[in-house]
1. Using a 1.4 angstrom probe, figure out how much accessible area region 334-383 has per residue, in square angstrom, rounded to the nearest whole.
2. In what sequence, highest mean first, do 97-104, 667-674, 577-584 appear when ranked by Cβ atoms within 10 angstrom?
3. Only sites in a loop by DSSP and with at most 15 other Cβ atoms within 10 Å count here; which trypsin sites (Lys or Arg not before Pro) in region 586-687 make the cut?
4. For the charge dipole of the chain, defined by +1 on Lys and Arg C-beta atoms and -1 on Asp and Glu C-beta atoms about the Cα centroid, which residue among 337, 220, 119 has the Cα displaced farthest towards the positive pole?
5. So what is the relative contact order of the chain, in percent, for Cα pairs below 8 Å that sit 6 or more residues apart?
6. Need one number: % antiparallel among DSSP beta bridges in region 144-254, to the nearest 5.
7. List the residues whose amide H sits under 5 Å from the amide H of residue 429, counting only those 5 or more places along or on another chain, with H placed 1.01 Å from N in the peptide plane.
8. So which lysines pass the test for residue 359, namely a Cα distance under 23 Å, with those fewer than 8 places away in the same chain ruled out?
Amino acid sequence: MWLPGLSWALSLLVTAATSGPSADPSDRASIFADLSPAELGAVRTFLMERPELGLSPSQGGSLAKNSLFLVELLPPQKRRVLRFLEHGGARPPREARAVVFFGAQEEPNVTELVVGPLPNPNSYRPLAFKGGQAVPFWARPMTRLEYELLHEALVASLAPLEPLLLQATGFGFQNCSRRCLTYSDIAPRGLGPGERRTWLVIQRFVEGFFLHPVGLEVLLDHRDPDPRRWAVRRLWYNGRHFGSVKELLESHARGDLPLVILPELPARGLFSSYEPRGHFRTPTDAHGAKVCEPQGRRYRLSGNHLEYGGWSLAFRLRSSAGLQLFDLRFGGERVAWELSVQEAIAFYGGHSPAAMQTKYMDAGWAMGASSYELAPGVDCPESAAFLDAHHLLDADGPVRFRRALCVFELPTGVPLRRHFDSDFQGGFHFYAGLEGRALVLRTTSTVYNYDYIWDFLLYPNGVLETKVHATGYIHATFYTPEGRRYGSRVHSHLLGNIHTHLVHYKVDLDVAGSGNSFETMDIRFENISNPWSAGARVVQPWLHRQPRRREREAALPLARPVPRYHLAVTRRHENEPSSSSIYTQNDPWDPPVTFENFIRDNETIEDQDLVAWVTVGFLHVPHAEDIPNTATPGNAVGFFLRPFNFFSEDPSVASRAPVIVRPLDPPACSHLEIQRWTAPSPGPCAPPEPFSYNGTYRQV
């Protein structure tokens, strides 16, 4: 059985199943490979040439147009892949998922299409959500074009405030050169269905501008496809609300609204920058410890297929939601069909309207396509294998993201196993230890201010760990005394707002086959008579096993009455591929994908193909040490999949990396026998190549 390592015991009851013939590993993995630039381009060209779709380029023009927003792989159905892999069936056709914004029709909407077969598509068909719910046009994700129009509308609307902004901040919107104002936008964009009203936090545009709000927040209504009908509906300045720009100006003219004059920012050493300042007692101007592979790589990476220490899997980096692993096997036996990131959510509290409105759902910002370049020696070891990614998202062609993923073997710094067997006379019978190593598959998502570091770690004892670190800039608002109850004053005019991070994962376990069941184990205590001492009592723990036979019983709540769960186990269905969607951010009230619907029908889950949906998270109360950035220590969460009575012994005994030391002359222990199955010395460690970085992501 395989266990998510959570705060309570969880186990899976499995039925025996035989494995069919397997395909070549690289060929098997290629079924799940992301679309190549050629395939992305072919899908776009095919759709652009369909006259009935009437598509226009993504960039330029108006919002009232039909345009292609997203193209990514549509994974084939599980049953078809299994038929191909294990029963000699036909190879599933390769297809794409395409998201089209139909804004040039009487009732605008968003439609998803299945396009194929690749690499030469010749047909398309609608891709419906469970229940057939349509996606309204106002629920669409933001585009670069809409942001450009939003900026123009904001600048025009705030033009009467320009003199006050210059006086208070030294920055402005008009002809500002290097002293410009910018904004951060908040979501959801309204308080109910049909709205597209966004609160904008005005900031000074300097390095780390997220930490430089000026005290002004603006609510701009931009639902209409015609930007000429957009308008500012409300404003907030330094704790006070205003119904219009005119009302704010009049209040200031009467002397009722004093300006908060912000201090001039230094040319160097800005508090929001990464430039070193201060001193340590130990030197930091020399390179620290490095990860290296002195005798070459111990893993195999071929395309999107990865093998290491008994593990094999396929992976992809989907534009919408990020890393997705398929066909995970240990020792040649499948243990999971899919393990993937589904959603990352951050709920905020605050005194300002922007802070209290912020409920970020990062799939709606295409967090998978926010996988910018990883820096060797910082984001990943210099010795790591780096892979590019290609996305077609809000662009008129595929865009290459350099070094978007990395793979490396990591010394954990703690033995996987060890024992010193003392003779309690100053010597020992033996010492044995196995070095701790894990293979890491990593990418990042920089969703505006926050950077998420996504890791999957493979251990040679059959354990798999998922982990996410949160770093980057905090989402901060302008400090007011009333805001103190919602966070910390992290700088003179800056409030770090309290928020909760929640991350959702999909775990489609296939343990000894796809027919699985689910039970939980709880620790209980008993007070019993001591059987070997009359009149004495023994208090001891025992395991309470509880089969969970239906979906409602298998939904373990995070907090009632909100329908969020530490863990929920459901029957697998092809029309329930994801727990969220790119539309939930702008339509959280009636989204096309509602996870609660997955368990509402309360299906039986005994001896069925099951999916475990796991939620991890943490509360973040920002503090001064989050300046300039939130640090990764203490801001990481995850879970483990662990074998539980699945093997007859720890499978890492197959490793040739242990060290065993036995004395030849006990108890003196002056002559030792040292057993190793690797070279006595690993050899030189540091690669000679200098640091390099590109940082661009360009259309190809």
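1. Numbers: 1040 Å² over 50 residues.
With all protein chains present, region 334-383 gives 21 Å² per residue.
2. Details: 97-104: 21.0, 667-674: 11.2, 577-584: 23.6.
Ranking the peptides 97-104, 667-674, 577-584 by packing returns 577-584, 97-104, 667-674.
3. On the way: sites: 600, 656, 676; in loops: 656.
Within region 586-687, the qualifying trypsin sites (Lys or Arg not before Pro) (loop, at most 15 other Cβ atoms within 10 Å) are 656.
4. So the residue we want is 220.
5. Numbers: 1613 pairs, mean separation 110.6, N = 700.
Taking the mean separation of contacting Cα pairs over the length of the chain, I get 16 percent.
6. Numbers: 20 of 21 bridges.
Rounded to the nearest five, the antiparallel share is 95 percent.
7. Residues meeting the amide H criterion: 421, 422, 423.
8. Output for residue 359: 467, 506.
The values are calculated or read from the model by the stated rules, or taken from the named source; none is laboratory data. Treat the numbers as computed from the prediction; the structure is a model and nothing was measured. All Cβ positions, even for glycine, are placed from backbone atoms using ideal geometry, and neighbour counts span all protein chains on display. These accessible areas exclude ligands, DNA and RNA; they are computed on the full protein's heavy atoms, side chains included. Shrake-Rupley method; radii C 1.70, N 1.55, O 1.52, S 1.80 Å.
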